[in-house]
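Participant: Input: one structure, supplied below.
Read-outs throughout are calculated quantities, based only on the coordinates presented, and are distinct from any laboratory measurement. Treat the numbers as computed from the prediction; the structure is a model and nothing was measured. FYI the Cβ positions are ideal-geometry reconstructions off the backbone, even for glycines, and counts take in every protein chain you see.
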Amino acid sequence: MIINHPLLGPRDASEFAYLGDAALMRRPDPKSETAADDFYRYQYLRENTPGEHRELWFHEQGDRSWLIVTRNISTHEITKVELATDVAGPAS
Amino acid sequence: MRYSALKIFKEAITGHKGWTPVWRSPEPKSAYDIIIIGGGGHGLATAHYLASKFDGKNIAVLEKGWIGGGNIGRNTTIIRSNYMLHENEAFYEHSLKLWEGLEQDLNYNAMVSQRGIINLFHSDPQRDAYVRRGNAMILNGADAVLLDQDGVKKQYPFLNFDNSRFPILGGLWQPRGGTVRHDAVAWGYARAADSKGVDILQNCEVTGFDIRDGRCYGVQTTRGNISAKKVGVAVAGNSSRVMAMAGMRLPIESHVLQAFVSEGLKPVIPGVITYGAGHFYVSQSDKGGLVFGGDIDGYNSYAQRGNLPVVEDVCEGGMSLMPMIGKARLLRMWGGIMDMSMDGSPIIDKTDIEGLYFNGGWCYGGFKATPASGHSFAHLLATGSPHETAKAYRMDRFSRGLMIDEKGQGAQPNLH
């Protein structure tokens, strides 16, 4: 698979480390009353349905940026690549 | 029809005119006592044990394609019970015992061949870990033998013993491990279940569950609605997809695992070898092909094909362990979809929906588990309580902190 890095252009997927569903960026609030259950769902449960999947890839052998790759996991076709920092916005 | 040597002889001299289809192709009934979704190894085994051991009547197996077309036909056919954690070891040893009596039980030649499996070690700490694992196996009634370098050399003189970076110091040998003809497992279970009246419904895809007030009353399929008192799901690889129709999210990601077969060669590898310094394992099929594989590709996938980096990685492992493999030509390769669970261990449990039961999360250990998985799932469906050896495979173990994490990798499915 070739991942079209927004800054570096097309890079081979073997340069990257894979983390998983981009939903992992939305960490639950640890102060919430339902925190224990929220963190269980966050840590262990996954949508994992076929078709389009937004997922986190780390450019370990490159510029060490986190990317959000939109990929069809039924065909491996990549349709969109974004910098995770662009999606997350400035740190609060 | 009972198979026997005499039957083969009789058919041979009468022109093979007496063979009949091995299972029926019935029309779906409108209602069953128990429906099993998934006509793979685990689903068919479940149906067989329900009918033969738990006196189950009025059972159907629903398969979206043809039976045995999924992972039971896409694996590397290895059976073993060399786990360390008690929750796993007791279960897989139960499975190995069922493999040992499988052909007599099914009256079907599944070519169960206990040719032995060796896990090689390459450092002192790895040796210590294997000694510990071997002891755990023996405590659970399995067999384990620690081999030194000479012991490995005696069985596999062609391995690369000169490798100075990863020297082969010895191996943990399970003589009762081995291989089984994978397709024959599906066909044998199907034939045995069918002969006890189980309806095997192929080309019958489940499109929805009939769930009302927290209870499952049946399923909608491409061949009409079918009601059932109990529904068991055994669709590993597609578990999340099917259970999403029941409104459930699972502690599972689907990943692709590749496997490879070389051209047919003369007998050279008597048993199964696993490399301890890279992810590579190999055995030789009865047709002569070297059957080998390695790691999962490492990203979510429902495509039954992988990518080249893992091919390279597996071939490097093979060349490092047994350089002579470089002379063999690759005949074919394929990918299967694995239910990678969050702790690397499976789930066999009731769900929160009454009458709906789940069996999945087999990672890449599903084939060797087939008989025990079927037997335990049948036990759960028939009696409502988990089988002795499958008690730990609960759905809620993640929320209760009772993970069965053989590798100690945490909730990282692509690392298990």
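Participant: Would you list which lysines come within 28 Å of B:Lys327, measuring only between C-alpha atoms, while excluding same-chain residues fewer than 8 positions from it?
Facilitator: The reachable lysines, counting only those whose Cα sits under 28 Å from B:Lys327, are B:Lys153, B:Lys154, B:Lys266, B:Lys287.
Participant: OK, next. For q values of 0.16, 0.28 Å⁻¹, compute log₁₀ I(q)/I(0) with the Debye formula on a Cα-only model of the range B:290-345, without solvent.
Facilitator: Normalising to I(0) and taking log10 leaves -0.58, -1.24.
Participant: Quick check: from the Cα gyration tensor, does the range B:331-397 come out rounded (a/c under 1.5), prolate or oblate?
Facilitator: Prolate.
Participant: Output the 0 to 90 degree angle, nearest 10, between the alpha-carbon long axis of helix B:182-195 and the longest principal axis computed from the alpha carbons of chain B.
Facilitator: With both axes taken from Cα atoms, the answer is about 30 degrees.
Participant: Per the helix-only calculation at 222 nm, which mean residue ellipticity applies to the protein assembly as shown, given -39500 (n - 2.57) for every DSSP H run of n ≥ 4 and division by its residues, nearest 500 deg cm²/dmol?
Facilitator: -8000 deg cm²/dmol
Participant: Taking only Cα atoms, what is the 0 to 90° angle, nearest 10, from helix B:41-53's long axis to the longest principal axis of chain B?
Facilitator: Compared with the principal axis, the helix lies near 60 degrees.
Participant: Farthest toward the dipole's positive end in the range B:281-416, which of B:Ala411, B:Ala392, B:Ala328, given Cβ charges of +1 (Lys, Arg) and -1 (Asp, Glu) about the Cα centre?
Facilitator: Ranked along the dipole, the leading option is B:Ala328.
Participant: Sticking with this structure for a sec: What are the equivalent ellipsoid semi-axes of the range B:264-416, built from the alpha-carbon gyration tensor (square roots of five times its eigenvalues), in whole angstrom, biggest first?
Facilitator: Three semi-axes, in Å: 34, 18, 14.
Participant: Let me ask something else. Determine the dipole magnitude for the range A:2-88: charges of +1 sit on the beta-carbon of Lys and Arg, -1 on that of Asp and Glu, nothing else is charged, the reference point is the Cα centre, and the result goes in debye to the nearest 20.
Facilitator: Dipole about the Cα centre, nearest 20: 40 debye.
Participant: Suppose R0 equals 35 Å. What FRET efficiency, 1/(1 + (r/R0)^6) with r the Cβ-Cβ distance, do A:Thr75 and B:Lys7 give to the nearest 0.05?
Facilitator: 0.15
Participant: Just in the range A:29-92: which trypsin sites (Lys or Arg not before Pro) are loop by DSSP and have at most 10 other Cβ atoms within 10 Å?
Facilitator: For trypsin sites (Lys or Arg not before Pro) across the range A:29-92 that sit outside H, G, I, E and B with at most 10 neighbouring Cβ atoms in 10 Å, the list reads A:Lys31, A:Arg64.
Participant: May I pose another question? Got the relative contact order for the range B:1-80 handy, in percent, Cα pairs under 8 Å and 6 or more residues apart?
Facilitator: Rounded, it is 27 percent for the range B:1-80.
Participant: Another question, if that's okay. Convex hull volume of the Cα atoms in the range B:23-95, per residue, in Å³?
Facilitator: Looking at the range B:23-95, the number lands at 124 Å³ per residue.
Participant: Using 7 Å Cα-to-Cβ label points, what is the B:Val268/B:Ala31 separation (nm, one decimal)?
Facilitator: Distance between label points: 6.1 nm.
Participant: Give a quick list of trypsin sites (Lys or Arg not before Pro) in the range B:30-101 that DSSP marks as loop, anything other than H, G, I, E or B, with at most 16 other Cβ atoms within 10 Å.
Facilitator: Loop-located and lightly packed - B:Lys57.
Participant: In a solvent-free Debye calculation with one equal scatterer on each Cα, what is log10 I(q)/I(0) for the range B:185-279 at q = 0.12, 0.17, 0.25 Å⁻¹, listed in the order of the q values?
Facilitator: The Cα Debye sum returns log10 ratios of -0.66, -0.97, -1.38.
Participant: Taking 18 Å as the cut-off for C-alpha to C-alpha distance, list the pairs among B:Lys64/B:Lys391; B:Lys29/B:Lys350; B:Lys57/B:Lys368; B:Lys29/B:Lys229 that go past it.
Facilitator: From B:Lys64/B:Lys391; B:Lys29/B:Lys350; B:Lys57/B:Lys368; B:Lys29/B:Lys229, over 18 Å: B:Lys64/B:Lys391; B:Lys29/B:Lys350; B:Lys57/B:Lys368.
Participant: How well do other chains shield peptide A:38-46, expressed as the mean number of their Cβ atoms within 10 Å of each residue Cβ?
Facilitator: Shielding by partners across A:38-46 averages 6.
Participant: Simple spin-label model, 7 Å along Cα-to-Cβ: A:Ala35 to B:Glu205 in nm?
Facilitator: Each label point lies 7 Å from its Cα, and together they span 4.5 nm.
Participant: With only alpha-carbon pairs counted, each pair once and no self-pairs, how large is the Kirkwood hydrodynamic radius of the range B:75-197 in angstroms?
Facilitator: Taking every pair of different Cα atoms in the range B:75-197, averaging 1/r and inverting gives 15.9 Å.
Participant: Applying 1/(1 + (r/R0)^6) with R0 = 22 Å to the Cβ-Cβ distance of B:Lys229 and B:Arg24, what FRET efficiency is obtained, to the nearest 0.05?
Facilitator: About 0.45, to the nearest 0.05.
Participant: So what are the range A:2-88's ellipsoid semi-axes, whole angstrom, largest first, if each one is the square root of 5 times an eigenvalue of the alpha-carbon gyration tensor?
Facilitator: 26, 15, 10
Participant: With a/c under 1.5 counting as rounded, go ahead and sort the protein assembly as shown into rounded, prolate or oblate using the C-alpha gyration tensor (a ≥ b ≥ c being the square roots of the eigenvalues; past the cut-off, prolate if a/b is larger than b/c, else oblate).
Facilitator: Taking the square roots of the gyration eigenvalues as a ≥ b ≥ c, the protein assembly as shown is oblate.
Participant: So, one more: So how far apart, in nm, are the two label points at B:Arg332 and B:Thr222 if each is 7 Å from Cα heading toward Cβ?
Facilitator: 2.2 nm
Participant: Have a look at B:Gln284, B:Gln104, B:Gln220 and tell me which one the Gaussian network model of chain B (Cα, springs below 10 Å) gives the largest fluctuation.
Facilitator: B:Gln104
Participant: When only Cα pairs under 8 Å and 6 or more residues apart are kept, what is the percent relative contact order across chain B?
Facilitator: After rounding, I find 22 percent.
Participant: Nothing charged except the Cβ atoms of Lys and Arg (+1) and of Asp and Glu (-1): what's the magnitude of the dipole of the protein assembly as shown about its Cα centre? Round to the nearest 20 debye.
Facilitator: 1520 debye
Participant: Tell me the trypsin sites (Lys or Arg not before Pro) within the range B:334-403 that lie in a loop according to DSSP and have at most 11 other beta-carbon atoms within 10 Å.
Facilitator: B:Arg400
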